[in-house]
Amino acid sequence: MEIQLDPMKDDLPLMANTSYMLVKHYILDLDVDFKSKVIEGSIVLFFETGSQYRKTSSTGKECCQSQFDETCKRRASEPCHTPVINMSTCSSKMEYNDFAVSGKEEEEEENSGENSNHNNYEQTPGISSSKGCCDIENHGNKDFLLVLDCCDLSVLKVEEVDVAAVSGIEKFSRSAKQTSVSKDLENLRNQIVHELVTLPADHWKEQLYYFTHCSQAPGCGELLFTAGTWSLEIRKSGIQTPADFPHAIRIWYKTKPEGRSVTWTTDQSGRPCVYTMGSPINNRALFPCQEPPIALSTWQASVRTAEGFVVLMSGENSAEPVQLREGILSWYYYVSMPMPASTFTIAVGCWKEVKQQSFKQTAAVQTNTEFSLPSSQADFRWHEEICGHVEYPCRFQNPAARLQAVIPYRVFAPWCLMESCEEYLLQLIPQCLSAAYATLGTHPFSRLDVLIVPSNFSSLGMASPHIIFLSQSVLPGGNHLCGTRLCHEIAHAWFGLAIGARDWTEEWISEGFATFLEDIFWARAQQQLSHDEIRGQQELKALLRWRRLRDEVQNSEEELQVLRPKKENTGELSESGASVVKYGLKAEKIFMQVHYLKGYFLLRSLAKKIGEASYLASLRKFVLKFHGQLVLSQVLCLRLL
């Protein structure tokens, strides 16, 4: 029977068996319905065989099969539930501006049929003891079991995607092995996915193009699944290894109004909206995914909503809506830099873009580029480094990106807050971006959206790839509160996103650095203040932070104050790749600042000890070496401490 966790005191489980299969790319195709407060549609996942199974000997042959079989023998489980669903295969049409897709402007009549098919076939979460890598049917054969992180979702159908049916896909199938006829087709599909997910970085546009077409391919067989409290378990009868399991699957599902990954509410102007708010359970109630940080993936998303709504998302492109039919718009975003699924963010509402006269914006940028290229950094920034991350179109290797002190940005807000945003945010963003560039160098992301989120947002800000959420509470604070919070969230582009913690219990790696760098960025952004005035500001903030830290230490549980709660086990995973976030479901942990403040004081003391200039130079070197990667405290100690 599945273990029930107490959300007041237990750890957050990360159930996905990433050691056996690893998601490399997601494609979401969703409809947002504000009347029912549901997001419904499909997600296609493209996999690679995981490291635990893919270990090879010096001869290049698979050498982990026996170990995998032994694991299966130790983990027999009950049969998976077989959903009784009579649903025709659906071909989702993704609309977007960057890549031409055939059938883009076809009528959406069949989509309305899809929705009617979905309505009557919800899968009620079941109870399963399937915690391992395999399942056993009545006839005794061991089946591989794919486990995804999933919560508060109604899963309607899971199917294999026939990527071999895509026109022009033959170029990716030349090295497929020949065996039996049925096995040939299975090998062919998996080989196509393998070739597609391993395309070189300079083929990223072609890769997205074929990902899109593959996601629209017909299904070629339903898969068995069980939806539990924290996971979705999927298997294909007769498939016993991760290598033979389908590497492209489509999951039809819909969210629930009470789902904990998204908030349905109204904005400050009284209009309906929905957004991801940095839930303790991350995005598993938005889409089935692999939550462990090690599961770095890229994604594409096409989101349809009623006219009048704006869709903002973690994406490299500034999406423009495409009208599908009267009253319905589609928005498309993509990301080519692999990141954890937890960093995916979406916000849908009647936001208005805040703009100002172009000459003011130009003046603001020109004023701040004076300090964007200090002579002490010039030679360093142009020094060529070989990136240590997995291959993707990296901005650190792009000469034009390395010179970009201020990346393109937009500001969105409810209508009633547009004036305040124009007065403060628009002038501050280029100053803060330029100050960040002067401190750490190349911006990891190509653009930035800033959104003033609804009043029920529980934090002052939240950073995600290409988008920052800010609380309305920062606006009455004027330039100082807006500026310092912007600097904090901008700092997360380097520490928290481009460089992430390999174990989420080490959140100080993200928040400690962002708090420390917030002061550095803001000092450089305030060109009108003297050195003494800046130093006075920083000392006062340090005193206030010290008092806050002292109060938290005195009034919170000691176990929640530890920067590395898993101690010597930090970063360790189970054999399947599953793990837990220590104290991740503790309600009070959300409001604690101890990891921010302990990390801040640690870094502040080091900067004072060796000198701020020397310490910032070491941070720039660290960013160059470790961007696009996950790190542990041990690495930071060796490199920075």
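The values are calculated or read from the model by the stated rules, or taken from the named source; none is laboratory data. This structure is a prediction, so every number in the text was calculated from the model and none was measured. Please note: Cβ atoms are built from the backbone with ideal geometry, for glycine as well, and neighbour counts cover all protein chains shown. Ligands, DNA and RNA are stripped out before the accessible areas are found, and what is left, the full protein with its side chains, is counted by its heavy atoms. Shrake-Rupley method; radii C 1.70, N 1.55, O 1.52, S 1.80 Å.
Note on segment 208-342: with charges restricted to the Cβ of Lys and Arg (+1) and Asp and Glu (-1), its dipole about the Cα centre is near 260 debye. Plainly put, segment 463-515 has a radius of gyration that is 1.03 times its Kirkwood radius, both from alpha-carbon atoms, as the Rg/Rh ratio. Excluding ligands, DNA and RNA, the accessible surface per residue across segment 375-526 is 31 Å² with a 1.4 Å probe.
Close amide-amide hydrogen proximity is noted between D449 and R410, I467, I468, each under 5 Å apart and 5 or more residues distant or on a separate chain (H modeled in the peptide plane; Pro and chain starts excluded). Paramagnetic label reach from E559 (point 7 Å along Cα→Cβ; backbone nitrogen cut-off under 20 Å): within segment 279-293, residues 280-281. A probe of 1.4 angstrom, applied to the heavy atoms of all protein chains, finds K621 with accessible area near 120 square angstrom.
In vacuum, with every alpha carbon of segment 490-535 counted as one equal point scatterer, what does the Debye formula give for log10 I(q)/I(0) at q = 0.27, 0.29, 0.30 Å⁻¹? Two decimals, please. Log10 of I(q)/I(0), two decimals: -0.88, -0.96, -1.00. Look at the dipole of segment 487-565 built from charges on Cβ: of S510, L563, A493, the Cα furthest out on the positive end belongs to A493.
Counting only protein heavy atoms and a 1.4 Å probe, segment 227-321 has 24 square angstrom of accessible area per residue.
Suppose R0 equals 45 Å. What FRET efficiency, 1/(1 + (r/R0)^6) with r the Cβ-Cβ distance, do R547 and E391 give to the nearest 0.05? With R0 = 45 Å, the Cβ-Cβ based efficiency is 0.45.
Only alpha carbons enter this Debye calculation for segment 582-641, each as an equal point scatterer, and the log10 of I(q)/I(0) it gives at q = 0.12, 0.22, 0.27, 0.29 Å⁻¹ is -0.40, -0.98, -1.15, -1.20.
Pairs exceeding a 30 Å alpha-carbon distance, out of K567/K608; K541/K609; K24/K621; K24/K171; K35/K589; K254/K566: K35/K589; K254/K566.
Multiplying each eigenvalue of the alpha-carbon gyration tensor of segment 496-574 by 5 and taking the square root yields semi-axes of 31, 19, 6 Å, largest first, rounded to whole angstroms.
Each Lys and Arg contributes +1 and each Asp and Glu -1, all at the Cβ; summed about the Cα centre of segment 528-573, the dipole is approximately 120 debye. Packing order of peptides 441-449, 334-342, highest average first: 334-342, 441-449 (average count of other Cβ atoms within 10 Å over each peptide's residues). Close amide H partners of T298, meaning residues 5 or more places away or on another chain with modelled amide H under 5 Å apart, are H25, Y26, M339. Measuring with a 1.4 angstrom probe and ignoring ligands and nucleic acids, K586 comes out at about 20 Å² accessible.
The mean of 1/r over all distinct Cα pairs in segment 175-319, once inverted, gives the Kirkwood hydrodynamic radius of 18.5 Å.
A Cα-only calculation for segment 439-546 places Rg and Dmax at 14.2, 41 Å.
The listed residues E186, E539, E291 rank as E539, E186, E291 when sorted by accessible area, largest first, using a 1.4 Å probe. Phi angles across segment 600-613 convert, under the Karplus curve 6.51 cos²θ - 1.76 cosθ + 1.60 with θ = phi - 60°, into 3J(HN,Hα) values of 4, 5, 4, 5, 4, 5, 5, 4, 5, 5, 9, x, 4, 4 Hz, Gly and Pro given as x.
Surface composition of segment 467-580: carbon plus sulfur atoms hold 51% of the accessible area, using a 1.4 angstrom probe and ignoring ligands, DNA and RNA.
On the basis of the beta-carbon distance and an R0 of 60 Å, E320 and Q634 show a calculated FRET efficiency of 0.85.
The packing ranking, built from the mean of other Cβ atoms within 10 Å per residue, places the peptides 598-607, 275-284, 567-576 in the order 275-284, 598-607, 567-576, highest first.
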